[in-house]
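A short worksheet on the structure shown next.
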Amino acid sequence: MAARPDSTSSMSTRAITKNQFDVAADLIDLEDHMRRIFLMPFRTVAVEVPVRMDDGDIDVFRGYRIQHNGARGPCKGGIRFHPEADEQEVLGLATTMTWKTALLDIPFGGAKGGVQINPRNLSMREYEAVTRAFTSRIAIVLGPYRDIPAPDMGTNAQVMAWILDEFSKRRGYTPAMVTGKPISLGGSQGREEATGRGVMYTMQEYANDFGVPLKDGTVVIQGFGNVGGHLARLLQEQGAKVLAVSDVDGGIYNPKGLAIPELFQHAYVDRNPVQEFDGGDHITNTELWSVGCDWLVPAALGGAINRETNADKVKCRVVVEAANSPVTPIADKILEERGISVLPDFLVNAGGVVVSYFEWVQNLQQHPWSLDQVNRELLNRMTRVYRDVRDIVKEREVSWRTAAYMISLARVAEAERLRGHQ
Ligand code: NAD
């Protein structure tokens, strides 16, 4: 397996991650036993996923559903199909979901699922068969008041439709057991662009508070998928200049700003590589990090900004963590020392889970909302939470990540205390 960023110092990475948690835990006087509860998942389900492939052979894949914490409500989190979706990665993502749902104050806990598989190597029939086999093996821990999956890397609305169908065969039609569904099966208006829209709302608030311009401000984005593509489009509508973007095959750069509506059609809608777009110079994914800008937005992979390759090279005023865990703990420290603010993932990219929550509410009430209502409620919630975190940053003179942790830890700990332990 390829070495993960900062892996040469994995002990110190672990130590710094624990340190980020401990700094916040100390600031709110969190009890020792609570810290131990949060270090472990509530439940780990590891399953075999046997599938008859198109060549007639049966392959067996490894799948996980990990419920980190359910004190504040049913567990909530995506399902990822990716070769590196092992138990450690899924646990890390499940833990982040606990802090994200608590920070946004939505009545969910945190979970994540993963199947160690590359969906690009599957035919459509195999893709459906993997989804159904995995769903049938974890169905016992799912349900609208137990654990509610959603899309993540390698899965999409179609996969959610298969999950709904497989679950409903056993338990009757239950649309609220999964979110990110197609709209015709009970999905929500605005869910597809919700994460990018939420990132944009947070940047607008930060721009107003700290004078980093959004209108005429410059932006660089790694990743032009669901999050990066929609974000670029929305920022451009606000008057921002998107100087460079990249996808897995490389990037493009235009110092005058890229023509985002055309690029969105070319790369996001028509699914062509960004480098095949006429309207910018080719740059590599490594060169992307050195493009000077106001806002640098990693919106692709975990560990993208790390000590080994780029933490000392980025030239921006703010790093916006649109992806999950794109800044390694050591890089986070380096950026802090360089005076670059990092807006943390569980604040910035929460728009997706917020609209997933709206979808769940609409399904339970059997009453769909308009797009206007979804966007208005998303704006209200993202703005309110941003301001709560900002106030702690100012009052306690801590980083944005520490401030966000303080709110989340206090909320989950209070729920744990009230429920009681024998
Ligand atoms: P996606 O699959 O739609 O898009 C990913 C993009 O990243 C693609 O453009 C891909 O080409 C690019 N990419 C992949 N590997 C790359 C590499 N090595 N270098 C540069 N670019 C690369 O995924 P997404 O839904 O946009 O998710 C992106 C990130 O945001 C992930 O970390 C995901 O966990 C996180 N996230 C997504 C949502 C959501 O609602 N989609 C919500 C919260 C967090």
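Readers should treat all values here as calculations from the given coordinates under stated rules, not as data from a laboratory. Everything numeric here is computed off the predicted structure, so don't read it as measured data. Counting neighbours? That spans all protein chains shown, and the Cβs are built from the backbone with ideal geometry, glycine included.
Footprinting exposure proxy ranking of CYS293, CYS75, fewest other C-beta atoms within 10 angstrom first, gives CYS293, CYS75. Taking the chain as a Gaussian network of alpha-carbon nodes connected by springs under 10 Å, the highest mean-square fluctuation of the residues ALA403, ALA350, ALA299 belongs to ALA403. Under a 5 Å amide H cut-off, with hydrogens placed 1.01 Å from N, ILE79 pairs with GLY113, ALA150, ASP152 among residues at least 5 apart or on other chains. Straight-distance candidates among the aspartates and glutamates for linking to LYS181, with alpha-carbon spacing under 13 Å and chain neighbours fewer than 8 residues away dropped: ASP152, ASP165, GLU192, GLU359. Note on the chain: GNM, Cα springs under 10 Å; of ARG171, ARG381, ARG191, the largest mean-square fluctuation is that of ARG171. Take every Cα pair under 8 Å whose residues are at least 6 apart in sequence, average their separation, divide by the length of the chain, and the relative contact order is 17 percent. By its C-alpha gyration tensor, with a ≥ b ≥ c as the square roots of the eigenvalues, how is the range 61-140 shaped: rounded for a/c under 1.5, else prolate for a/b larger than b/c, else oblate? It comes out prolate by the Cα gyration axes. For the range 41-178, the alpha carbon positions stretch 47, 33, 22 Å along the principal axes, listed from largest to smallest. Stokes-Einstein diffusion for the chain, with the hydrodynamic radius set to the Kirkwood value over Cα pairs and evaluated at 37 °C in a medium of 0.692 mPa s, equals 150 µm²/s. Beta-bridge orientation, the chain: approximately 50 percent antiparallel, per DSSP, counting only bridges with both partners inside. Excluding same-chain neighbours fewer than eight residues apart, the lysines reachable from LYS100 by a Cα-Cα span under 16 Å are LYS76, LYS112. Considering only PRO255, VAL318, ALA304, the residue lying farthest towards the positive end of the dipole of the range 194-343 is VAL318, judged by Cα position with unit charges set on Cβ. Taking the inverse of the mean reciprocal distance over all distinct Cα pairs, the Kirkwood hydrodynamic radius of the range 194-343 comes to 14.9 Å. Between ARG120 and GLU397, the contour length at 0.36 nm per residue exceeds the Cα-Cα span by 95.2 nm.
Ordering VAL318, VAL212 by the number of other Cβ atoms within 10 Å of each residue's own Cβ, fewest first, gives VAL212, VAL318. When DSSP beta bridges are restricted to pairs lying wholly in the range 41-178, around 65% turn out antiparallel.
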